[in-house]
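A.B. asks: Got a structure for you, questions after.
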Amino acid sequence: MPGLAPGPSVSEARELFPGASLRPYLNVGQRSLLAAPVRAAVRGFLDRWERGEPDKESLFQALERARVRFARLIGAHPDEVAWIKNVTEGFNLFLSSLEWRPGDEVVHCPDLEHPANLLPWQNLAARRGVRLVPAPADRGRLPSGRVAEAVGPRTRVVTVSTVTFAPGFETDLGPLREACREHGALLLLDAAQSVGTLRADVRRMGCDMLAVATQKGLLATYGAGFLFVRRELAESLVPAALGRFGVVGEGSEEQVPETHLPHGGIAYAAGARRFELGNFNYLGAVAAEAGLEILERFGAEPVDRHNRALAARLAGGFLELGLPVAGGPPGPHLGHIVSVGEVGAGAHDTVEDPRMESLHRRLAGARIEHSVRRGILRFAVHLYNDESDVDRTLEETGRWLRSRPAG
Ligand SMILES: Cc1ncc(COP(=O)(O)O)c(C=O)c1O
């Protein structure tokens, strides 16, 4: 945009992460490296607490500043964002607040979903008789076309990951959005693996609900997360669980006109705020505010481009070495996660293919941080990574290949 001063280059972000220069850290799929400013913010909070200083008002202010930053990051209004502890909690709070009707269906792709977006639905099916309609994965890909075809007049919800935890492909949301629109179904997103690392815009994605935790792309800690619920939808829902932060004026301080008390005289808080219960994870909020500030400083779009370029370089390099890169050459499925191995060749965090097990041990021995999910080696990049991380990983992989007996 003319007149706007360009932000700092993403390449400068690396300096904020002391761990980035110690080794290639390719594991944001599990959690981010800790940034010095995030550590300093948490430390400052603890220092103030130690001195008996932080008053509740300043804690609420930090909470709200982080909410505003997150809302801006995903293109939402702050009232459409609730603080949650984790993704699983977000799904449970949301689905238990929907009025389920006999015959309602939930369309999903259980082969690829994390338990966070699976167990809440299985429980709903067991408790309420809601029918789960599974669409099988297609060689690690979420088959958006097939999922869309399964959507019909009885579909209440389509629920998918924006990027799967394994093998980490990006979901093509277009067909799902269209099918939901056509049949009046809700589109729900588990965005644990994408918000912060890849550009996210809830209006463009066309989702009704999105849940994310803060320890991965958002550069912060475990035990804090955000639940986005589209405003009109949130305000049509009676929350299944209610606490003082889910009502106007904390349930006492504000006089609410009678006309605003539709459900048994309770004035639910605006939008998604009605899903908030009692006290918050203020420590997590302080960390999240600092993490979001970093993302904002470098910009969601440049971070997205940086991460995709590094992932494409890594995928291309592995392919040149003859390794089985899940999904093959870089294409629309590739976001910031590159997986190597046969999809499905192992349980949650094990490798059963002896060749991949050997590569995993070699890279772990060289302190190249990555993780193993469902039998594949998962490498996930973020703004603190650079080409040297990718190249070192490829060099070590090349050495491993040369050290192995031929054939
Ligand atoms: C796709 C996906 N969803 C959810 C989670 C986490 O769920 P929760 O925040 O409920 O622990 C993860 C990883 O931790 C994940 O990869």
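A.B. asks: Which trypsin sites (Lys or Arg not before Pro) in segment 355-407 sit in a loop by DSSP (not H, G, I, E or B) and have at most 13 other Cβ atoms within 10 Å of their own Cβ?
C.D. replies: Those that pass, being in a loop and sparsely packed, are Arg367.
A.B. asks: Let me ask something additional. How do Glu369, Glu387 line up, fewest other C-beta atoms within 10 Å first?
C.D. replies: In increasing order of surrounding Cβ atoms, one gets Glu387, Glu369.
A.B. asks: With a ≥ b ≥ c the root eigenvalues of the C-alpha gyration tensor of segment 176-249, is it rounded (a/c under 1.5), prolate (a/b larger than b/c) or oblate?
C.D. replies: Because a/c hits 1.5 or more and a/b fails to exceed b/c, segment 176-249 counts as oblate.
A.B. asks: Can you give the extra length, in nm with one decimal, that the chain gains between Arg127 and Glu57 once fully stretched, where that is 0.36 nm per residue apart less the Cα-Cα distance?
C.D. replies: Answer, rounded to one decimal: 21.1 nm.
A.B. asks: What's the extension gain from Val68 to Arg154 if we count 0.36 nm per residue and subtract their Cα-Cα distance?
C.D. replies: 27.4 nm
A.B. asks: Cα extents of segment 42-294 along the three principal axes, largest first, in whole Å?
C.D. replies: 57, 44, 31
A.B. asks: Lys/Arg Cβ at +1, Asp/Glu Cβ at -1, dipole of the chain taken about the Cα centre: which of Pro324, Pro37, Gly278 is farthest positive-ward?
C.D. replies: Final value for the positive-end residue is Pro324.
A.B. asks: Shifting gears a bit: Test of understanding: ordering Lys216, Lys85, Lys56 by Cβ neighbours within 10 Å, fewest first, what list do you get?
C.D. replies: Arranged by neighbour count, lowest to highest, Lys216, Lys85, Lys56 become Lys56, Lys85, Lys216.
A.B. asks: Let me ask something else about it. Tell me the relative contact order for segment 277-407 as a rounded percent, counting alpha carbon contacts under 8 Å between residues six or more apart.
C.D. replies: Rounded, it is 23 percent for segment 277-407.
A.B. asks: Which of Thr164, Thr171 comes first, and how do the rest follow, when ranked by fewest Cβ neighbours within 10 Å?
C.D. replies: Going from least to most buried by this count: Thr171, Thr164.
A.B. asks: Is the shape of segment 1-68 best called rounded, prolate or oblate, per the rule: a/c under 1.5 gives rounded, else a/b larger than b/c gives prolate, else oblate, with a ≥ b ≥ c the square roots of the Cα gyration tensor eigenvalues?
C.D. replies: Here segment 1-68 falls in the oblate category.
A.B. asks: Per the Kirkwood definition applied to all pairs of different Cα atoms, how many angstroms is the hydrodynamic radius of segment 316-407?
C.D. replies: Kirkwood radius, segment 316-407: 13.5 Å.
A.B. asks: Averaging sequence separations of C-alpha pairs under 8 Å and six or more residues apart, then dividing by the length of segment 42-294, give the relative contact order as a whole percent.
C.D. replies: Relative contact order of segment 42-294: 25 percent.
A.B. asks: Between Ser403 and Glu352, what is the FRET efficiency for a Förster distance of 25 Å, r being their Cβ-Cβ separation, to the nearest 0.05?
C.D. replies: Rounded to the nearest 0.05, the efficiency is 0.70.
A.B. asks: On to the next question. Starting from the Cα-Cα distance between Ala241 and Glu182, subtract it from 0.36 nm times their residue separation and give me the gain in nm to one decimal.
C.D. replies: Result for the pair: 18.2 nm of gain on full extension.
A.B. asks: Now for a different question. Suppose we keep just the DSSP beta bridges with both residues in the chain; what percent of those would be antiparallel, to 5?
C.D. replies: 55 percent
A.B. asks: A further question follows. With each run of n ≥ 4 DSSP H residues scored as -39500 (n - 2.57), what mean residue ellipticity at 222 nm is computed for the chain after dividing by its residue count and rounding to the nearest 500 deg cm²/dmol?
C.D. replies: Counting only the DSSP helices, I get -11000 deg cm²/dmol.
Computed from the coordinates by the stated procedures, all read-outs in this text should not be read as laboratory data. Just so it is clear, the structure is predicted and the values come from calculations on it, not from any experiment. Neighbour counts run over all protein chains shown; Cβ positions are idealised from the backbone, glycine included.
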